[in-house]
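Asks: Take a look at this one; I'll ask things after.
The values are calculated or read from the model by the stated rules, or taken from the named source; none is laboratory data. Just so you know, these numbers come straight off a predicted model, no measurement behind them. Positions of Cβ are generated from backbone atoms using ideal geometry, with glycine treated the same way; all protein chains shown enter the neighbour counts. All accessible areas refer to the heavy atoms of the entire protein, side chains included, with ligands and DNA or RNA removed. Shrake-Rupley method; radii C 1.70, N 1.55, O 1.52, S 1.80 Å.
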Amino acid sequence: MSLLELDNVDTYYGQIHILQGLSIRIEPGELVCLLGGNASGKSTTLKTILGIVRPRTGMVRIEGEDVTKRPTSYRIGRGLAIVPENRRLFAPMTVLENLEMGAYLRGGGAKEDFERVYELFPLLHERRAQLAGTLSGGEQQMVAMGRALMSRPKLLLMDEPSMGLAPILVEKNFEIIEQVHQSGVAILVVEQNANVSLSIADRGYVLSTGRLVLEGKAADLRENEDLRKAYLGR
Ligand SMILES: Nc1ncnc2c1ncn2[C@@H]1O[C@H](COP(=O)(O)OP(=O)(O)O)[C@@H](O)[C@H]1O
Ligand SMILES: [Mg+2]
């Protein structure tokens, strides 16, 4: 059974038709990327998965359960977590307090949740008393991922983790994503940067103005001529 399915989803903002018959699935433990240019509907896809917007038609399923009419809080309880665009840390709060917020819906983090996050990111333990807003970009990314992992998600959703980062930090960032993936969490990463996404993903989808135009194994997509021309600059 798939961990997450979008089944023939149509999402609108008012009269504007954004996602058009979109179907994607993510299996347990997979790392999947959803690629697309600016305004192609990537964030809207994440919002549809989380229930921040509701599709007009089509279905969202988590482990086979239809959650299309369920609120965001319910879906988070079913194992979804998000690392939002630009990370959106609580800058005037400490690293520890940011992590604590990640377990807010459960009434706070358990000792083993902190331990798991600190094991993945030892630096966050060292910096636990530092204000999040004073960390470097790469360190802030660790806090954002650590915060999301505090809720013990089955599926981590990531909105453009490479955005606004220097190339060297993008590489580092994706190493961190791969590391989290290897710890057993499924990840859907939404990106404009096809190169780095396909280098760590199992599978990929390509979105263009709200429609899927390509999908397949990451290795095959890397060799795809159309994709190379459109996104990989080769
Ligand atoms: N709240 C909104 N109301 C109306 N239009 C929106 C809203 N959010 C996004 N859009 C439009 O939907 C399209 C897709 O946006 P988005 O999903 O954010 O794209 P991406 O994340 O791929 O850049 C864009 O044309 C954008 O302007
Ligand atoms: Mg976006």
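Asks: Need pairs with beta-carbon distance below 6 Å; first residue more than 6 Å from ligand 1 (Cβ to nearest atom) and within the stretch 26-44, second open to solvent by 10 Å² or more (accessible area, probe 1.4 Å) and assigned to a strand (DSSP E or B); sequence gap 6+ or separate chains.
Replies: These pairs meet every condition: Val32/Arg203.
Asks: Also: Do any helices (runs of 4 or more DSSP H) lying entirely in the stretch 127-234 carry at least 1 residues that are closer than 24 Å to Glu97 by Cα, and which ones are they?
Replies: By residue number, 137-149, 167-182.
Asks: Also, I was wondering about something else. When you check Leu22 against the structure, is it open to solvent by less than 70 Å² (accessible area, probe 1.4 Å), within 16 Å of ligand 1 (Cβ to nearest atom) and modelled with pLDDT of 95 or more, yes or no?
Replies: On the way: open to solvent by less than 70 Å² (accessible area, probe 1.4 Å): yes; within 16 Å of ligand 1 (Cβ to nearest atom): yes; modelled with pLDDT of 95 or more: yes.
Against the criterion (open to solvent by less than 70 Å² (accessible area, probe 1.4 Å), within 16 Å of ligand 1 (Cβ to nearest atom) and modelled with pLDDT of 95 or more), Leu22 qualifies.
Asks: Restricting to the stretch 66-88, count the residues that are aliphatic (A, V, I, L, M) and closer than 20 Å to Met1 by Cα.
Replies: Start the filter on the stretch 66-88 by keeping residues that are aliphatic (A, V, I, L, M), which leaves 67, 76, 80-83.
Next, from what is left, pick out any that are closer than 20 Å to Met1 by Cα: 67, 76, 80-81.
Final tally of qualifying residues: 4.
Asks: Check Lys172, Lys217 and return the single one that is open to solvent by 70 Å² or more (accessible area, probe 1.4 Å) and not assigned by TED's automatic domain parsing to the domain that holds Gly41.
Replies: Numbers: Lys217 fails: not assigned by TED's automatic domain parsing to the domain that holds Gly41.
After applying the criteria, what remains is Lys172.
Asks: Right, next: Among Leu155, Leu89, which is the only one that is at pLDDT 95 or above, buried (at least 20 other Cβ atoms within 10 Å of the Cβ) and within 20 Å of the chain's Cα centre (by Cα)?
Replies: On the way: Leu89 fails: at pLDDT 95 or above.
Exactly one residue qualifies, and that residue is Leu155.
Asks: Can you name every residue in the stretch 60-114 that is part of a loop (DSSP other than H, G, I, E, B), in contact (Cβ under 8 Å) with a residue 60 or more places away in the chain and closer than 28 Å to Ser136 by Cα?
Replies: Pro84, Glu85, Asn86
Asks: Select from the stretch 9-19 the residues that are near ligand 1 (Cβ under 10 Å from one of its atoms), farther than 15 Å from Val190 by Cβ and in a strand (DSSP E or B) and list them in ascending order.
Replies: Within the stretch 9-19, Tyr12, Tyr13, Ile16, His17 qualify.
Asks: Here is a list: Leu123, Leu99. Which entry is open to solvent by 30 Å² or more (accessible area, probe 1.4 Å) and either among the β-branched types (Val, Ile, Thr) or within 20 Å of Ile176 (Cα to Cα) (or both)? Spell out the reasoning first.
Replies: On the way: Leu99 fails: open to solvent by 30 Å² or more (accessible area, probe 1.4 Å).
Step by step, each of Leu123, Leu99 is checked, and only Leu123 is open to solvent by 30 Å² or more (accessible area, probe 1.4 Å) and either among the β-branched types (Val, Ile, Thr) or within 20 Å of Ile176 (Cα to Cα) (or both).
Asks: Tell me yes or no: at least one residue of the stretch 1-20 is out of contact with any Asp or Glu (no Cβ under 9 Å at 6 or more places or on another chain), closer than 30 Å to Gly138 by Cα and not aromatic (Phe, Trp, Tyr).
Replies: There is no residue in the stretch 1-20 that is out of contact with any Asp or Glu (no Cβ under 9 Å at 6 or more places or on another chain), closer than 30 Å to Gly138 by Cα and not aromatic (Phe, Trp, Tyr).
Asks: Which residues, taken from the stretch 184-198, are more than 16 Å from ligand 1 (Cβ to nearest atom) and open to solvent by 70 Å² or more (accessible area, probe 1.4 Å)? Spell out the reasoning first.
Replies: Applying the first criterion (more than 16 Å from ligand 1 (Cβ to nearest atom)) to the stretch 184-198 yields 184-187, 195-196, 198.
Selection gives Asn195 alone.
Asks: Here is a further query. Return yes or no: is Thr68 more than 30 Å from Arg128 (Cα to Cα) and within 14 Å of ligand 2 (Cβ to nearest atom)? Walk me through how you get there before you give the answer.
Replies: Numbers: more than 30 Å from Arg128 (Cα to Cα): yes; within 14 Å of ligand 2 (Cβ to nearest atom): no.
No, not satisfied.
Asks: When the stretch 127-144 is examined, which residues are found to be touching a strand residue (DSSP E or B) at 6+ places or on another chain (Cβ under 6 Å) and under 29 Å from Thr48 (Cβ atoms)?
Replies: Within the stretch 127-144, just Ala144 meets the criteria.
Asks: Can Gly146 be described as modelled with pLDDT under 90 and either over 18 Å from the mean Cα position of the chain (by Cα) or crowded, with 16+ Cβ neighbours inside 10 Å (or both)? Let's see the steps before the verdict.
Replies: Details: modelled with pLDDT under 90: no; either over 18 Å from the mean Cα position of the chain (by Cα) or crowded, with 16+ Cβ neighbours inside 10 Å (or both): yes.
For Gly146, the condition - modelled with pLDDT under 90 and either over 18 Å from the mean Cα position of the chain (by Cα) or crowded, with 16+ Cβ neighbours inside 10 Å (or both) - is not met.
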